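Have a look at the structure below before the remarks.
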Amino acid sequence: MNRPPTHELLALRFGTQTGRLARENFLFADDPCATDTPAGFDFYIWVIRGQDQVIVVDTGFTAHTGARRGREQLHDPVEALTGLGTDPTDVSHLLITHMHWDHAGHLAAFPTARVHLQEPELAFCTGRAMRHAAPRRPFEAEDVNAAMRLLFDERLTLHQGPATIVPGVEVHPAPGHTPGLQVVRVHTKRGWVVLASDSSHLWANIRRRAPFPILDHLASMVEAYETVEALADGVDHIIPGHDPQVATRFPQVEDDPRWVRLHEEPTAPYTDPAALELRERVIS
């Protein structure tokens, strides 16, 4: 059996939220992680490089939208590509994990890319659920309209299940957070790494089976943890969508330290937030 080609996999921490409490990241108040201690919450986009192609996963949010929603944009996600020697016109494929405002804010910035989305995701954010304020709250109408323009321009590929984008890069449905969320599986020199995106916002969500509170379907979210684990070659091969530890556990790109190299082994151990909280209680 032929092994798929390997790819470089890079992450950019482009935004952050301050003043967030740990309990805001967990559905159940009695979870050991759900405390009133301050908790970091960061925002990422990802780049896959290999086989003479550049693939971008998610596009982040604009500074204006972030400010309106109480989040800080640290770097413009599109501009930051220049630190990797990449222009938006160099991007061949754009993979959108889901259509929430913090993942799909710059769809028009990649004029030549083929854009990939799961069909149930587009159906949801253009369907009857958007009549109600609560389910539409994580979406921006401008982002949804941008996706529809891509559909009319014949640049949006809608998947109904797993798909291979290029050899060594795959998308797999992992619904729960949204009906059409997809994760991205990338073959790297350290094995298969899965960009879990918001199927697991933090490592604690998946490792502790402690769901995040914004969800479409609870049972599907928990089952998605199993999907992600089966696709990855180990616990450190799962990359959550918002964990601050992603930016500190992996080596930086030499020419642009804003980016970290997920295709390399982590250089620092994972810190479990509940274990840290319990230790602090004992010391105090």
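Answer yes or no as to whether T86 is assigned to a loop (DSSP other than H, G, I, E, B) and not basic (K, R).
Working: assigned to a loop (DSSP other than H, G, I, E, B): yes; not basic (K, R): yes.
For T86, the condition - assigned to a loop (DSSP other than H, G, I, E, B) and not basic (K, R) - is met.
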(request) For region 43-79, name all the residues that are under 17 Å from the mean Cα position of the chain (by Cα) and not in a strand (DSSP E or B). (result) D58, T59, G60, F61, T62, G66, R71, L74, H75, D76, P77, V78
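Let's see how each residue does on (1) part of a loop (DSSP other than H, G, I, E, B); (2) under 19 Å from L9 (Cα atoms); (3) touching a Gly at 6+ places or on another chain (Cβ under 6 Å):
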position: L122; (1), (2), (3): no, no, no
position: A146; (1), (2), (3): no, no, no
position: T164; (1), (2), (3): no, yes, no
position: V171; (1), (2), (3): no, yes, no
position: T178; (1), (2), (3): yes, no, no
position: W192; (1), (2), (3): no, yes, no
position: P213; (1), (2), (3): yes, no, no
(request) Filter region 218-252 down to residues that are assigned to a helix (DSSP H, G or I) and either in contact with an Asp or Glu (Cβ under 6 Å, 6 or more places away or on another chain) or at pLDDT below 95 (or both), then give me how many there are. (result) 0
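Return the residues of region 48-62 that are closer than 15 Å to Q182 by Cβ and hydroxyl-bearing (S, T, Y); say none if nothing qualifies. It would help to see each step written out before you state the result.
Start the filter on region 48-62 by keeping residues that are closer than 15 Å to Q182 by Cβ, which leaves 48, 55-59.
Within region 48-62, just T59 meets the criteria.
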(request) Please name all residue pairs, on different chains or six or more residues apart, with Cβ atoms under 6 Å, provided the first residue is in region 125-137 and is closer than 19 Å to T97 by Cβ and the second residue is β-branched (V, I, T). (result) C125/V144
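Select, from V194, V186, the only residue that is within 22 Å of F41 (Cβ to Cβ), of a type outside the set (G, A, S) and under 14 Å from the mean Cα position of the chain (by Cα).
Working: V186 fails: within 22 Å of F41 (Cβ to Cβ).
Answer to the selection: V194.
Within region 103-123, is even one residue in contact with a His (Cβ under 9 Å, 6 or more places away or on another chain), at positive phi, open to solvent by less than 40 Å² (accessible area, probe 1.4 Å) and free of Cβ contacts under 8 Å to residues at least 60 places away in the same chain?
Residues of region 103-123 that are in contact with a His (Cβ under 9 Å, 6 or more places away or on another chain), as a first pass: 104, 113-119, 121.
Pick out the ones that are also at positive phi and you get none.
Checking region 103-123: not a single residue is in contact with a His (Cβ under 9 Å, 6 or more places away or on another chain), at positive phi, open to solvent by less than 40 Å² (accessible area, probe 1.4 Å) and free of Cβ contacts under 8 Å to residues at least 60 places away in the same chain.
Return yes when H242 is in contact with a Leu (Cβ under 6 Å, 6 or more places away or on another chain) and buried (at least 20 other Cβ atoms within 10 Å of the Cβ) and no when it is not. Walk me through it before giving the result.
Numbers: in contact with a Leu (Cβ under 6 Å, 6 or more places away or on another chain): no; buried (at least 20 other Cβ atoms within 10 Å of the Cβ): yes.
No: the conditions fail for H242.
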(message) Checking P251 against (1) surrounded by fewer than 20 Cβ atoms within 10 Å (Cβ to Cβ); (2) in contact with a Lys or Arg (Cβ under 7 Å, 6 or more places away or on another chain); (3) in contact (Cβ under 8 Å) with a residue 40 or more places away in the chain; (4) of a type outside the set (D, E): exactly one of these is not met. Which one?
(response) (3)
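The values are calculated or read from the model by the stated rules, or taken from the named source; none is laboratory data. Quick caveat: nothing in here was measured; it's all calculated off a predicted structure. No Cβ is skipped: glycine too gets one built from the backbone with ideal geometry, and neighbour counts run over all protein chains shown. Ligands, DNA and RNA are stripped out before the accessible areas are found, and what is left, the full protein with its side chains, is counted by its heavy atoms. Shrake-Rupley method; radii C 1.70, N 1.55, O 1.52, S 1.80 Å.
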